[in-house]
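To keep things clear, I will list the structure first and then write my remarks on it.
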Amino acid sequence: MKSITALLVFLAVPCIGGQAPWGQLPPSVTLPVQPTQLSIPRKVVKRFEKDISQQRDFQITWENSQTDRRFGVDHEWMATALQHWRDQFSWREVEASVNRHPHFMANLTVDATELQIHFMALFSKKRDAIPIAFFHGWPGSFLEFIDIFEIVKSQYDPESSPYHLVVPSLPGFTFSSGPPIDSNWGIANTSAVMDSLLQGLGFGEGYVAQGGDIGSFVAQTLALSSPSCKAVHLNFIPSVQPPGVPDPQNDTSLTPQDRQVLARSQEFVNTKQAYALEQGTRPATLGFVLSHNPVGLLAWIGEKFLAWTDPSRALSLHQILTHISTYHLTQTISRSFYAYRETSYSLYPEAAVAPRIEKPMGYSRFPYDNSGVPESWAKEVGNLVFYQAHERGGHFPALEYPEALWEDIESFVQQTFPDSTL
């Protein structure tokens, strides 16, 4: 099958400098894997800088003057963000920062589809290290997990780390190939690719899958379909009431935060899910609108980073611009909508009928996420052996509260596999 490859230049280089200690591939790798540094061609970066420098002033309207952002991103934020993008943002500085961590490109074929998959990794040299695969969502990317990499590097060295950490770019996102252009593609296909990647890295005996947003569906699919996936940790579960649990208004076991989370989830469905319906029903049109329009992308994605996070730990403008620049420069946006076709008319309908996960499952709930469930509901989703309801944090906990998320993941893994045996 034909697949779309991002129009990028990858500079394949030996693992040198800061990459070397953590960049040694496991000895049992069976895939063609190339250590890589990420670099966007100069002419692409120059065109991007020219596009944002030539953007005209925005038209002020009553809707975009509302600073509570009930109608979307506001004029003041857009003007400030654009000015920062023009005057203070450096893509080459982003590349230099990102390339401090080991990156790789893997070539694999799944169901007759040839793909190049980018992934970032910290490989341990311990023979019994537990592989943990982190799966991002939309509008996220591998960039979400850089702070967790920094935490793990401060905790361990390659000789002592009890974990391999692998962060793939899902097909269609950033530096990975896009899905096929001659057939449909969905979460099941992406999950099969991720399983092939992890098995090809030598982790066929077992790995732990972790995810939020779209990544949570990938992780759950792996838990249900792959014998190699031994456990799953989620930081996102759709607010779909499982059969047999009491209605929230009659459930006296729910905590005040449980009720707040369910109310926020319902408010999201009522007033903030239009983007998902558009991406699911008219992805082709929206792709044309946003693909060559960095300022349009700033509004479309910037809104999500503003609205889906804990207001007490707002993401910095630099963080937001880094994610949006990465999407634009890698031509990600039109390649990344495919997951929404499966959820286009009702958010996450498949969650109501998905089989229960019988493998060990952990769930970290962050109250400012778009969707969340009480512990009793999570127990119906899977074999819940770890649960943590946080007081802070939103849809992007790896960016907002990386210490808390990593502490949960590590606690879950240690609790589930106390002797490091998967």
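Observations on the structure shown:
- Dipole axis of segment 230-332 (+1 Lys, Arg; -1 Asp, Glu on Cβ), positive-most option in 263, 319, 275: 319
- Proximal charge balance of residue 149 [Cβ under 14 Å; K/R count +1, D/E count -1]: -4
- Charge dipole (Cα centre; +1 on Lys/Arg Cβ, -1 on Asp/Glu Cβ; no other charges) of segment 9-416 amounts to roughly 880 debye.
- Ranking of 159, 375 by count of other Cβ atoms within 10 Å, fewest first: 159, 375
- Mean-square fluctuations from a GNM of the chain, with a 10 angstrom spring cutoff on Cα atoms, peak among 334, 154, 226 at 154.
- Interchain or long-range residues, amide H under 5 Å from residue 387's placed H: 363
- Normalised contact order of segment 9-416, rounded percent, pairs of Cα under 8 Å and 6 or more residues apart: 17
- Residues in segment 244-260 carry Karplus couplings, in order, of x, 8, x, 4, x, 5, 10, 9, 6, 7, 6, 7, x, 5, 3, 5, 5 Hz; the curve used is 6.51 cos²θ - 1.76 cosθ + 1.60 with θ = phi - 60°, and Gly or Pro positions show x.
- Footprinting exposure proxy for 203, 135 (fewest neighbouring C-beta atoms within 10 Å first): 203, 135
- Think of it as helices only: each DSSP H run of n ≥ 4 in the chain is worth -39500 (n - 2.57), and spread over all residues that comes to -11000 deg cm²/dmol at 222 nm.
- Net charge contributed by nearby residues that have their C-beta within less than 13 Å of residue 308 (K/R +1, D/E -1): -2
- Among 275, 207, 163, the largest mean-square fluctuation in a Gaussian network model of the chain (Cα springs under 10 Å) belongs to 275.
- Normalised Debye scattering of segment 9-416 at q = 0.09, 0.11, 0.13 Å⁻¹ gives log10 I(q)/I(0) of -0.53, -0.81, -1.16, counting only Cα atoms as equal scatterers and leaving out solvent.
- As a proxy for reagent exposure, ranking 146, 237 by other Cβ atoms within 10 Å from fewest up yields 146, 237.
- 3J(HN,Hα) along segment 174-184: 6, 8, 8, 4, x, x, x, 9, 10, 7, 6 Hz, from the Karplus curve 6.51 cos²θ - 1.76 cosθ + 1.60 with θ = phi - 60°, whole Hz, x for Gly and Pro.
- Selection from 77, 409, 172, by position along the positive dipole direction of the chain (Cβ): 172
- Other residues with beta-carbon under 14 Å from the beta-carbon of residue 278 carry, at +1 per Lys or Arg and -1 per Asp or Glu, a net charge of +3.
- The charge dipole of segment 264-384, taken about its Cα centre with unit charges on the Cβ atoms of Lys, Arg (+1), Asp and Glu (-1) only, comes to about 140 debye.
- GNM top mover of 370, 383, 250 - the chain, alpha-carbon springs below 10 Å: 250
No value in this document is a laboratory result; all are computed from the given coordinates. Just so we're clear, the structure is a prediction, and the values are computed from it rather than from any experiment. Every residue, glycine as well, gets a Cβ built from its backbone with ideal geometry; the counts of neighbours run over all protein chains shown.
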